[in-house]
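Below is one structure; the comments refer to it alone.
The values are calculated or read from the model by the stated rules, or taken from the named source; none is laboratory data. It should be emphasised that the depicted structure is a prediction, and the values quoted were computed from it without experimental measurement. Because the Cβ atoms are built from the backbone with ideal geometry, glycine has one as well, and the counts that use them run over all protein chains shown. For accessibility, only protein heavy atoms count, side chains too; no ligands or nucleic acids. Shrake-Rupley method; radii C 1.70, N 1.55, O 1.52, S 1.80 Å.
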Amino acid sequence: MGEIVGTHDLLLVTLDTLRYDVAAEQLGQGALPTLARVLPGGAWERRHAPGSFTYAAHAAMLAGFLPTPAGPGRHPRLFAAAFPGSETTAAGTWVFDAADLPGGLAKAGYHTVCVGGVGFFNKLTPLGSALPSLFAESHWAPSFGVTSPTSFEDQIACAERAVRDRDEPVFLFVNVSALHQPNHFYLPGATGDSRASHAAALRYVDRHIGRLFALMCARRPCLAIVCSDHGTAYGEDGYVGHRIGHEVVWTVPYGEFVLRTGEWT
């Protein structure tokens, strides 16, 4: 990461509530052609979430604790705050002297941008302002939220306005709300949320995420991370939702790749 930070733009996209099983199934069925083009080996990596709901997971990720590979091991991290005794800080880890990753990257010359989605990023309350306040620039609008059928398109348009004319390296974070309940409007004829409408929301995201990739590699190469913060239950073992210790909540998809300058059109 020492060779990446400073030379590449950085993109972190969290697909809020996306389950690993649904993500893997859709990719295997050929329903995610855009993501299939960039994911290493054309597959999601199976990882464990750092939290069971949005605030906890993002507080961890924005401190450098990305979803952990599902197999046993210490698993060195890409980014880590400097603190004694860390067992997951390795030679390839970029270490920052700040309490959070956006603050560390700002010290390294990055302009940091947050485009929020779910309520923990809406800036309407002190709690909804806590995570956005970590960034130099943050944006949220009702059209970015969970009730908007065009949320991701509107988020991308906002990102384009924020990033396009920047000369310095950029760290862009986008919390994608489309997967989160309610998502029934992505499945024609559906009257309630389900695993199937969750999958339909992911197909919607795939249709538009190429615009985000094109934006972020237009000026310089970009390290992109696309992952879920946690999953969600649709009736498994009687559970609905998240903030629970169920397999479908803790197991998430993860993808990490470099977009070369101008490669995405």
* To do: Quote the charge dipole size of the chain about the Cα centre in Debye, to the nearest 20; the model charges only the Cβ of Lys and Arg (+1) and of Asp and Glu (-1).
  => 220 debye
* Antiparallel bridge percentage (DSSP; both residues within the chain; nearest 5) -> 35 percent
* Choice from C227, C158, C217 showing the highest fluctuation, given a GNM over the chain with Cα pairs closer than 10 Å -> C158
* To do: Any chance you could check the Cα centroid distance between segment 138-189 and segment 8-27 for me, in angstrom?
  => 14 Å
* To do: Pop out the carbon and sulfur fraction of the accessible area of segment 1-122 as a percent, whole number, probe 1.4 Å.
  => 55 percent
* To do: Normalise the Debye intensity by I(0) for segment 40-100, one equal point scatterer per Cα, no solvent, then take log10 at q = 0.12, 0.18, 0.19, 0.29 Å⁻¹ and round to two decimals.
  => -0.32, -0.70, -0.78, -1.26
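How much net charge surrounds T88 when only other residues with a Cβ under 15 Å from its Cβ are counted (Lys, Arg +1; Asp, Glu -1)?
+2
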* Can you work out the PRE-style zone for R219? Point 7 Å along Cα to Cβ, and I want the residues of segment 10-25 with backbone N under 15 Å. => 10-11
* Asked: Could you state the per residue volume, in Å³, of the convex hull enclosing the Cα atoms of segment 137-196?
  -> 85 Å³
* Structure fact -> Residues whose modelled amide H sits under 5 Å from the amide H of A63, counting only those 5 or more places away in sequence or on another chain, are L101
* Asked: What accessible area per residue, rounded to a whole number of Å², is obtained for segment 58-118 using a probe radius of 1.4 Å?
  -> 41 Å²
* Structure fact -> Between the residues F53, I4, L39, the Cα farthest towards the positive end of the dipole of segment 1-67, that dipole coming from +1 and -1 charges on the beta-carbon of Lys, Arg, Asp and Glu, is from F53
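Run lengths n ≥ 4 of DSSP H only: what is the helix-derived mean residue ellipticity at 222 nm for the chain, with -39500 (n - 2.57) per run over all residues, to the nearest 500? Could the numbers behind the result be given before it?
Numbers: 8 runs with 74 residues, N = 265.
Mean residue ellipticity, 222 nm, calculated: -8000 deg cm²/dmol.
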* segment 94-177: C-alpha pair distances exceeding 22 Å, % -> 26 percent
